[in-house]
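The values are calculated or read from the model by the stated rules, or taken from the named source; none is laboratory data. Since the model is a prediction, treat every value here as computed from it, not as a measurement. No Cβ is skipped: glycine too gets one built from the backbone with ideal geometry, and neighbour counts run over all protein chains shown. Note: accessible area is taken over every heavy atom of the protein model, side chains too, but ligands, DNA and RNA are not part of it. Shrake-Rupley method; radii C 1.70, N 1.55, O 1.52, S 1.80 Å.
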Amino acid sequence: VYTPFMAKTPVTLTANTVLALIAKPTKAGKMPSVIQCIRFAKLCEARGLNPWEGDAYLVGYDTKDGPEFNLITAHQAFLKRAETHPDFNGMESGVIVADKDGKLIEQPGDFLANDQTLAGGWAKVHFKNRAIPTYRRLNLSTFNTGYSRWAKDPGGMIVKCAEADALRSSFPTSLGGMYLREEFDAMLDDAPRPPVPMPR
């Protein structure tokens, strides 16, 4: 039982409710153990995340050593933390595109013209009390899995990843250790890179 970030009333998480209502099975249909569900609940408590409002999910994936499960943070949770930080002074973000001549251009939002090729995403976080903003540029090929939303909306997805990276670097105390599903998808899709384990 704990009170999430910016909430007025406490929430209750038990292993049974996490297993029945929050956890997502692996592709092979495996579900988390009671210990993994309790670990998820304790991480939500430590980070002030409210899974009932969509702040966090418990997502599983199959490995050669058995199923593993990770806490995935929603994009809205990043934005809520940034919005209430006293030093936050707005964020700019967009896509990096190559024009017909191969020149790389940064433009706001995720709209692409017909003669442009998506190359990556960028985000810049501004501060009230710091002269230099946090600036991140991400390569599309590092994150694009080619599946699901990545196939339909690669521009929107890479912008989300760039925003999460920039916000996490800007506010490590409140956002450290939190990752989007889009970021985990890239980690799991690239076999040589082990997935980030959920802290024990």
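In the chain, Cα pairs under 8 Å separated by at least six residues give a relative contact order of 16 percent. Over the chain, the fraction of Cα-Cα pairs per 10 Å bin, rounded to whole percents and listed from the shortest bin up, is 9, 31, 33, 21, 6, 1. Debye calculation, C-alpha points only, no solvent: report log10 I(q)/I(0) for region 51-170 at q = 0.11, 0.14 Å⁻¹, in the same order as the q values. Scattering profile of region 51-170, log10 relative to I(0): -0.45, -0.70.
Computed about the Cα centre, the dipole magnitude for the chain is approximately 540 debye when only Lys and Arg (+1) and Asp and Glu (-1) carry charge, each at its Cβ. Taking the accessible area of region 51-144, probe 1.4 Å, and keeping the other protein chains in place, the carbon and sulfur fraction comes to 49%.
Suppose the Debye formula is applied to equal point scatterers at every Cα of region 30-96; what is log10 I(q)/I(0) at q = 0.13, 0.18, 0.27, 0.28 Å⁻¹? Result of the Debye calculation: -0.50, -0.77, -1.17, -1.22.
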